[in-house]
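The values are calculated or read from the model by the stated rules, or taken from the named source; none is laboratory data. Only a predicted model underlies this, so the values are computations on that prediction, with no experimental measurement involved. Heads up, the Cβs are rebuilt from the backbone with ideal geometry, glycines too, and the neighbour counts pull from every protein chain shown.
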Amino acid sequence: MKRILLTLLTFFAAVAPSFADEGMWLPSLIAGRIDDMRAKGFRLTAEDIYSINRASMKDAVVLFNGGCTGELISAEGLLLTNHHCGYGAIQAHSTVEHDYLTNGFWAKSRVEELPNEKLYVRFLVRMEDVTARLAAGENRAEIIRKATAEGKGYKASIEQMYYGNQFFLFVYEQFDDVRLVAAPPSSIGKFGGDTDNWIWPRHTGDFSMFRVYASKDNKPAAYSPDNVPYRPKKHFTISTKGVKEGDFTMIYGFPGNTQEYILSDAVSYIAERSDPTKIAIRTGRLDIISAAQASDPALRIHYAAKHASVANAWKKWQGEVLGIIRRGTIATKRNYEEQFAAWAKEKPAYSHVVADLKAEYARISDAYFAREITRETLDALPKQYSAKERGEAVFEKRKATEQALFVYLFGEYARYCPVQYQVPEFLEGVAKAGSTKAYAEQLFKQVWQGGDAPAMTALKKATARMQKHITWLLGTRSLRNLNSKRLNELYTTYIRGLREWDTKRAFYPDANLTLRVAYGSIAGYEYADGEYHIPQTTVDGIIAKDNPEIYDYNIPQSLRDLYAKKDYGRWAITVDGRKTAPVCFLASNHTTGGNSGSPVLNANGELIGVNFDRTWRSTMSDIAFDPSICRNIAVDIRFVLLVIDKIGKAGYLIDEMTLK
Ligand code: ARG
Ligand code: GLU
């Protein structure tokens with residue numbers, strides 16, 4: 001029996017199966033996952049996903065404007081991404097007369113497509129493991145310089161994987177002429193607003209369309225009226241057959257940042273200290289902003305974007321904390337590192353690493369916390385109001401709100417920032433004025449008046465000095481996660497040790513905004529005891545939420561008419577005997593911020609949806625992926641097509657796509 005067990009164990013160790021749909025895999029190494037993918041339903045090959053010898057799926061995926069993903073869906077450079085990823089461009093073209101944010105935008109022909117300053121996309125040309133070259137002493141900058149010289153518009157970077165255990169060179173081709181083609185009205189593209197954000201069931205048509213333009217020889221070129229639509233090596237075929245629970249799904253995109261291997265100390269810092277404090281600070285901030293918005297329509301509009309961005313992370317953190325607490329992640333992690341430490345006891349290379357990591361966390365936590373609190377408070381306040389802002393009709397109306405924010409955020413800084421890291425100038429200012437409130441009011445008065453605001457300028461400078469000091473303490477400028485130079489070095493060792501010890505675990509590098517493949521299936525989940533959430537929503541759900549009184553739920557009349565006539569054309573489906581149309585679906589792919597706009601593909605590599613969100617409690621997957629609750633949310637491609645066809649009356653765009 002023991003023998004059999006041992007054989008079985010070695011067998012599993014060799015195959016290193018992923019027991020769930022966890023993982024964000026490097027496309028050039030996807031051959032290592034392909035058996036598992038095929039066992040789960042995938043029908044194509046590793047070469048179909050990533051190849052440097054022929055057109056492959058990677059040639060149809062782009063990094064969209066440095067923070068989102070997009071995909072090519074026609075031979076003429078048509079690109080699909082999220083509405084919230086195109087939001088800045090849509091907003092920039094919107095005026096009171098042409099309010100594309102509210103009414104949507106549909107270019108009726110190529111000449112109507114709108115150029116965008118500073119909007120770019122990047123295709124991955126190739127990636128290459130350069131760990132050995134760097135170890136052999138080759139110069140980093142030189143490797144990048146050579147790669148960049150390979151082609152027009154090429155950009156290159158070297159990124160570390162597994163905390164510096166491996167290094168990859170990424171070579172991109174960047175296109176800077178990207179034009180806006182279409183966007184649905186916000187009441188579709190942002191349906192549900194912040195209320196539905198991070199929530200399932202979901203009914204948001206979160207998509208927008210652009211077109212990549214190139215020079216006549218199909219190379220990157222700055223905007224020119226002479227440019228022509230880019231002819232991609234590959235564009236995705238769209239499947240209109242629909243999805244059902246259990247179907248294989250794959251996501252190809254640019255996830256931004258995960259921390260799957262951090263110690264329990266870091267998880268407890270996040271779940272018990274950082275997140276709760278930042279949530280508390282933002283709750284008060286949102287209360288002030290929301291009250292202003294409710295008091296006056298001009299203020300509602302003025303603070304809309306601010307509210308959305310503050311609320312997005314605020315809501316995500318709450319879900320993350322809830323997920324981590326409910327799943328007992330801190331204890332699970334602690335147990336895991338104790339087991340590792342026991343194994344490492346006799347191994348000099350690893351015997352100290354866990355204790356050293358813990359000591360380093362203890363050393364840096366307060367300093368890093370101070371940095372986070374400063375960002376959430378003092379850094380969030382203006383040093384001055386620009387001339388443009390002062391000229392706006394809404395400016396005077398903002399005064400009470402802006403002052404309230406000064407007083408509130410000064411107070412929160414004083415309350416939460418560890419006192420040894422509070423800026424001395426701040427402490428002196430408070431002492432002189434008699435209270436943080438009096439001090440905040442003094443500074444606000446200066447800033448509001450305009451011209452020089454010496455006290456605020458001095459405070460901002462002193463704050464920057466303190467942040468620099470903290471950077472020095474941590475020894476690194478890359479400060480997006482609780483990290484330090486020393487931690488990073490220790491993690492290099494720790495991860496190497498983990499991979500030696502935990503041979504059953506399927507290791508993948510943390511997300512770092514490089515191209516990744518995630519795969520899973522269309523999947524609902526048990527939301528609460530006895531309450532299963534099915535993975536598809538329909539237009540009926542939009543109508544159920546429709547409410548002209550509530551801004552986020554006030555859908556266009558054309559959509560109401562469509563529903564009344566059930567005029568869904570070829571996009572109609574039948575659910576429980578009723579005629580309706582699909583809107584969003586839920587799947588079990590491991591995704592994070594940056595995966596917005598990513599193509600969701602079926603077993604044949606055909607496009608079935610566009611990723612745009614996760615469920616609230618499952619945002620813990622940035623730290624620990626739990627297959628029972630972690631789900632990503634996508635807009636069903638058939639809803640995208642329905643909106644283009646019936647709301648935008650832009651069927652000519654569908655004509656250039658490849659439908660199946
Ligand atoms: N939660 C999604 C993301 O993290 C969508 C955010 C945009 N939508 C919104 N209502 N704020 O980016
Ligand atoms: N909305 C996110 C984005 O902009 C994706 C959601 C997530 O964090 O998974 O990338």
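Miscellaneous remarks
- Some residue of the range 184-202 being within 30 Å of MET37 (Cα to Cα) and among the small types (Gly, Ala, Ser): no
- Subset tally (residues that are in a helix (DSSP H, G or I) and either more than 16 Å from ligand 1 (Cβ to nearest atom) or at positive phi (or both)) for the range 608-659: 16
- Tally, over the range 18-69, of residues that are of a type in the set (D, E, K, R) and surrounded by fewer than 21 Cβ atoms within 10 Å (Cβ to Cβ): 9
- Checking each residue in the range 286-324 for being away from ligand 2 (no atom under 16 Å from the Cβ) and loosely packed, with under 14 Cβ neighbours inside 10 Å picks out ASP287, ALA291, ALA294, SER295, PRO297, ILE301.
- Cβ-Cβ contacts under 9 Å between residues 6 or more apart (or on different chains), taken from a first residue in the range 528-552 that is touching a residue at least 12 places away in the same chain (Cβ under 8 Å) and closer than 26 Å to ARG300 by Cα to a second residue that is loosely packed, with under 15 Cβ neighbours inside 10 Å and basic (Lys, Arg), are listed as ILE543/ARG560; ASP546/ARG560.
- The residues of the range 188-214 that are polar (S, T, N, Q) and either under 27 Å from GLU128 (Cβ atoms) or surrounded by 24 or more Cβ atoms within 10 Å (Cβ to Cβ) (or both), listed by number, are THR204, SER208.
- Members of the range 593-624 found to be within 12 Å of ligand 2 (Cβ to nearest atom) and surrounded by fewer than 22 Cβ atoms within 10 Å (Cβ to Cβ), listed by number: GLY593, TRP616
- Considering the range 412-505, the qualifying helices (runs of 4 or more DSSP H), each wholly inside and each with 2 or more residues that are closer than 30 Å to MET161 by Cβ and out of contact with any Asp or Glu (no Cβ under 6 Å at 6 or more places or on another chain), run over 454-474, 485-501.
- Checking GLY153 against (1) under 22 Å from the mean Cα position of the chain (by Cα); (2) away from ligand 1 (no atom under 16 Å from the Cβ); (3) not basic (Lys, Arg), the condition it does not meet: (1)
- Candidates are the residues of the range 144-159 that are closer than 24 Å to GLY256 by Cα and free of Cβ contacts under 8 Å to residues at least 60 places away in the same chain; the one that is surrounded by the most Cβ atoms within 10 Å (Cβ to Cβ) is ALA147.
- Taking the range 276-347 as the region of interest, the helices (runs of 4 or more DSSP H) fully inside it that hold 3 or more residues being within 24 Å of ARG499 (Cα to Cα) are 329-344.
- Evaluation of LYS432 against the conditions (1) within 27 Å of LYS468 (Cα to Cα); (2) surrounded by 13 or more Cβ atoms within 10 Å (Cβ to Cβ) shows that the sole unmet condition is (2).
- For the range 50-85, filtered to residues that are under 15 Å from ASN595 (Cα atoms), out of contact with any Asp or Glu (no Cβ under 7 Å at 6 or more places or on another chain) and in a helix (DSSP H, G or I), the residue that is nearest to ligand 1 (Cβ to nearest atom) is CYS85.
- Pairs with Cβ under 8 Å, 6+ apart, first in the range 313-324 and within 12 Å of ALA280 (Cα to Cα), second more than 12 Å from ligand 1 (Cβ to nearest atom) and not charged (D, E, K, R): TRP314/ILE279; TRP314/THR283; TRP314/LEU286; TRP317/ILE279; GLN318/ILE279
- Residue within the range 423-430 that is of a type in the set (A, V, I, L, M, F, W, C), in contact with a Cys (Cβ under 9 Å, 6 or more places away or on another chain) and at pLDDT 95 or above present: yes
- Residues of the range 179-195 include none that is farther than 22 Å from GLN91 by Cα and within 16 Å of ligand 2 (Cβ to nearest atom).
- Being surrounded by fewer than 22 Cβ atoms within 10 Å (Cβ to Cβ), assigned to a loop (DSSP other than H, G, I, E, B) and within 25 Å of the chain's Cα centre (by Cα) is a property that holds for TYR261.
- Taken over the range 556-589, residues that are under 23 Å from TRP616 (Cβ atoms) and assigned to a loop (DSSP other than H, G, I, E, B) amount to 2.
- Residue in the range 567-585 that is within 16 Å of ligand 2 (Cβ to nearest atom) and in contact with a strand residue (DSSP E or B) (Cβ under 9 Å, 6 or more places away or on another chain) present: yes
- Residues in the range 184-215 that are of a type in the set (A, V, I, L, M), within 14 Å of ligand 1 (Cβ to nearest atom) and within 26 Å of HIS235 (Cβ to Cβ): ILE188 only.
- Restricting attention to the range 586-602, the residues being within 16 Å of ligand 1 (Cβ to nearest atom), small (Gly, Ala, Ser) and closer than 17 Å to LYS244 by Cα number 1.
- Set GLY77, GLY86: member being in contact (Cβ under 8 Å) with a residue 12 or more places away in the chain, over 26 Å from PHE168 (Cβ atoms) and away from ligand 2 (no atom under 16 Å from the Cβ): GLY77
- Scanning the range 476-513 for residues that are within 22 Å of SER157 (Cα to Cα) and acidic (Asp, Glu) returns GLU489, ASP510.
- Subset of the range 100-115 [free of Cβ contacts under 8 Å to residues at least 60 places away in the same chain and either of a type in the set (Asp, Glu) or under 10 Å from ALA183 (Cα atoms) (or both)]: GLU112
- With respect to the stated conditions, GLY605 fails to be in a loop (DSSP other than H, G, I, E, B), among the small types (Gly, Ala, Ser) and within 16 Å of ligand 1 (Cβ to nearest atom).
- Given (1) within 16 Å of ligand 1 (Cβ to nearest atom); (2) more than 30 Å from TYR494 (Cα to Cα); (3) modelled with pLDDT of 95 or more, number of the condition LYS316 does not satisfy: (2)
- Members of the range 484-513 found to be closer than 19 Å to ILE623 by Cβ and among the hydroxyl-bearing types (Ser, Thr, Tyr), listed by number: SER484, TYR491, TYR494, TYR508
- Against the test of being farther than 22 Å from ALA291 by Cβ and surrounded by 15 or more Cβ atoms within 10 Å (Cβ to Cβ), the options TYR408, TYR416 yield a single qualifying residue, TYR416.
- Any hit, the range 562-583, residues being among the small types (Gly, Ala, Ser), at negative phi and within 16 Å of ligand 1 (Cβ to nearest atom): no
- Here is the figure for the range 202-223: residues that are farther than 16 Å from ASN547 by Cβ, assigned to a loop (DSSP other than H, G, I, E, B) and more than 14 Å from ligand 2 (Cβ to nearest atom) total 10.
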